[in-house]
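> After the structure tokens below, expect a handful of questions from me.
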Amino acid sequence: MGFADWFGDWIAQIVGTINGFVWGPIMLLLIVGTGLFLTLRLKGIQFTQLGYALKLALIPKKSANAGGSKHAAGDISHFQALMIALAATIGTGNIVGVATAIVMGGPGAAFWMWVTALVGMATKYSEAVLAVHFRRKDDKGMMVGGPMYYIEQGMGWKWLAVLFAIFGTVASFGIGNMSQGNSVAASISTSMGVPTWITGIVLTVFVGLVILGGVRWIANISSLIVPFMAVFYFIGGVVILLTNIELVPGAFATILGSAFTLEAGFGGLVGTVIRYGVARGVFSNEAGLGSAPIAAAAAKTDHACRQGLVSMTGTFLDTIIVCTITALTVVMSGLYVGANSDQAASMTSAAFTALLPGNWGGMFVTIALVFFAFSTILGWSYYGEKCLYYLAGARGRTIYRIIFTAFVFVGCTMKIGLAWDISDTFNGLMAIPNLIGLLALSGVVAAQTKDFLKIREREKAEGK
């Protein structure tokens, strides 16, 4: 064994040990428990206001009541803020992450991804409300916000805000960079035979061209890529479900049946099925991580809750819609049986190939994966940069963009298992201070929500 292999194995062992703690029972309960607490305190706002939230997010409004008029404070529209958030969330987690959860935790992991998403919508809503409520302007007059600001200003715990910003900066290189590039390079290598280093160079160049342009470049590119890639993948999934409709009931039954077994965790505290379902669910939709509110803070809006509703639709679209398509396809194919983690990266591609008419399923998934990963890298470059700005001010902006771009190549050429383990580690670490902040400031969210619901009643009475 060479030094590089020994060092890589040593790092993997350390990361694995940390993950055992970070994603242990306490963390999983904190994530789901926070979402459940906020759901109850906000009286299920993610269900009662979902229709209006989707309308607000996806249908342009001309009136000032949309919160996106030129008179509203902010730098980008509701839609653009959602697209940056979706760009960061709809990524390899929707394709590789879901397959990994099913391979490692069983089909029941998909059910716990759904649970995490449904309660996570209240979490995502609350994050965005606080981000807008406590946002401020940076040295260029642009809006900045997120957990580091609402923890410092709302709680007065500067040290906890600094911890979040540190974890967020480092996490951007894992969840939003290396794991994304790694999945793309592996997929293209498998389907087309292209060496990972070539994919790394090409992806690195394109990422650098966009992120050096700043938030508006990222917002504009994301607004073009995200709707296209989501619809593209959705159509492919619907074709699979319709052409194999007889397999759909059995797939749902398999998922539900394996979600409530002793192996799922009810014989202990939290078992493999729940662990992988929650961990991959959070990786996919990012509810509780504190990343999406960084984009929400830049939105033009007349009320914090309006952007909160827009933000929570990202979790719904990401997990309930896109991840469900992947989960059903993988379970329907049966390929997860007896598979290992190394095979998870190509499993969704194999499942699409098996279930789609013709022989182009693998190419379809590869194309989707490239767009998903590229957009995620763009979104997370913005998150990481804002975390670093909180820590070091404007002087680190250009250096961060250069280093972040270089790490795309690193991710493309490293071992896939290590890339995902590193991502899981810093996902969990950045979630801890954010969830503490959400619980401590839930009263602010409740007060803002109460005020906004009164405004909505007046608007509905006026036919708006």
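> Tell me whether the stretch 26-33 contains one or more residues that are modelled with pLDDT of 60 or more, surrounded by fewer than 22 Cβ atoms within 10 Å (Cβ to Cβ) and not in a helix (DSSP H, G or I).
Checking the stretch 26-33: not a single residue is modelled with pLDDT of 60 or more, surrounded by fewer than 22 Cβ atoms within 10 Å (Cβ to Cβ) and not in a helix (DSSP H, G or I).
> Could you check, for the stretch 120-133, whether at least one of its residues is over 15 Å from Leu289 (Cβ atoms), surrounded by fewer than 24 Cβ atoms within 10 Å (Cβ to Cβ) and in contact (Cβ under 8 Å) with a residue 24 or more places away in the chain?
Step one: list which residues in the stretch 120-133 are over 15 Å from Leu289 (Cβ atoms), which gives 129, 132-133.
Then keep just the ones that are surrounded by fewer than 24 Cβ atoms within 10 Å (Cβ to Cβ); that gives 133.
Checking the rest, the ones that are also in contact (Cβ under 8 Å) with a residue 24 or more places away in the chain come to 133.
Looking through the stretch 120-133, at least one residue is over 15 Å from Leu289 (Cβ atoms), surrounded by fewer than 24 Cβ atoms within 10 Å (Cβ to Cβ) and in contact (Cβ under 8 Å) with a residue 24 or more places away in the chain.
> Inspect all residues belonging to the stretch 393-404 and state whether any of them is among the charged types (D, E, K, R), free of Cβ contacts under 8 Å to residues at least 12 places away in the same chain and farther than 26 Å from Lys124 by Cα.
There is at least one residue in the stretch 393-404 that is among the charged types (D, E, K, R), free of Cβ contacts under 8 Å to residues at least 12 places away in the same chain and farther than 26 Å from Lys124 by Cα.
> Turning to a different aspect of this structure: Surrounded by fewer than 24 Cβ atoms within 10 Å (Cβ to Cβ), at pLDDT below 90 and either in a helix (DSSP H, G or I) or among the β-branched types (Val, Ile, Thr) (or both), is that true of Met104?
yes
> Here is a list of conditions, (1) over 19 Å from Gly120 (Cβ atoms); (2) among the polar types (S, T, N, Q); (3) buried (at least 22 other Cβ atoms within 10 Å of the Cβ), and Asn340 meets all of them except one; can you say which number that is?
In the conditions (1) over 19 Å from Gly120 (Cβ atoms); (2) among the polar types (S, T, N, Q); (3) buried (at least 22 other Cβ atoms within 10 Å of the Cβ), Asn340 misses (3) alone.
> Within the stretch 407-422, does at least one residue satisfy the condition of being farther than 22 Å from Ala185 by Cα and touching a helix residue (DSSP H, G or I) at 6+ places or on another chain (Cβ under 6 Å)? Let's see the steps before the verdict.
First, the residues of the stretch 407-422 that are farther than 22 Å from Ala185 by Cα: none.
Among the residues of the stretch 407-422, not one is farther than 22 Å from Ala185 by Cα and touching a helix residue (DSSP H, G or I) at 6+ places or on another chain (Cβ under 6 Å), which makes the answer no.
> Something else now. Provide a single number: the residues in the stretch 163-217 that are over 12 Å from Phe404 (Cα atoms), among the aromatic types (Phe, Trp, Tyr) and either in contact (Cβ under 8 Å) with a residue 40 or more places away in the chain or touching a His at 6+ places or on another chain (Cβ under 8 Å) (or both).
4
> Just for the stretch 455-464: of the residues that are part of a helix (DSSP H, G or I) and among the charged types (D, E, K, R), which one is nearest to Gly156 (Cα to Cα)?
Arg456
> Against the definition (of a type outside the set (S, T, N, Q), closer than 22 Å to Phe426 by Cβ and modelled with pLDDT of 85 or more), how does Tyr125 come out, yes or no?
Against the criterion (of a type outside the set (S, T, N, Q), closer than 22 Å to Phe426 by Cβ and modelled with pLDDT of 85 or more), Tyr125 does not qualify.
> Being modelled with pLDDT of 85 or more and over 24 Å from the mean Cα position of the chain (by Cα) narrows it down to one residue among Ile320, Ile377, Ile399; which is it?
Every option except Ile399 fails the conditions.
> Quick one: which helices (runs of 4 or more DSSP H) lie wholly within the stretch 273-337 and hold at least 1 residues that are of a type outside the set (Ser, Thr, Tyr) and in contact with a Leu (Cβ under 6 Å, 6 or more places away or on another chain)?
Qualifying helices (runs of 4 or more DSSP H): 304-315, 324-333.
> Picking from Gly97, Gly146, which residue would you name as being more than 14 Å from the chain's Cα centre (by Cα) and either crowded, with 24+ Cβ neighbours inside 10 Å or modelled with pLDDT of 85 or more (or both)?
Of Gly97, Gly146, the one residue that is more than 14 Å from the chain's Cα centre (by Cα) and either crowded, with 24+ Cβ neighbours inside 10 Å or modelled with pLDDT of 85 or more (or both) is Gly146.
> Moving on. From the set of residues in the stretch 149-207 that are under 24 Å from Gly393 (Cβ atoms) and outside any helix (DSSP H, G or I), which is farthest from the chain's Cα centre (by Cα)?
My answer is Gly156.
> Given Ala368, Ala350, Ala354, Ala327, which one is among the hydrophobic types (A, V, I, L, M, F, W, C), surrounded by 22 or more Cβ atoms within 10 Å (Cβ to Cβ) and within 19 Å of Ala251 (Cα to Cα)?
Ala327
> Condition first: buried (at least 19 other Cβ atoms within 10 Å of the Cβ) and not in a helix (DSSP H, G or I). Can you find one or more residues in the stretch 437-454 that meet it?
Yes: one or more hits.
> When you scan the stretch 107-144, how many residues do you find that are outside any helix (DSSP H, G or I) and hydrophobic (A, V, I, L, M, F, W, C)?
The qualifying residues number 4.
The values are calculated or read from the model by the stated rules, or taken from the named source; none is laboratory data. Just so we're clear, the structure is a prediction, and the values are computed from it rather than from any experiment. All Cβ positions, even for glycine, are placed from backbone atoms using ideal geometry, and neighbour counts span all protein chains on display.
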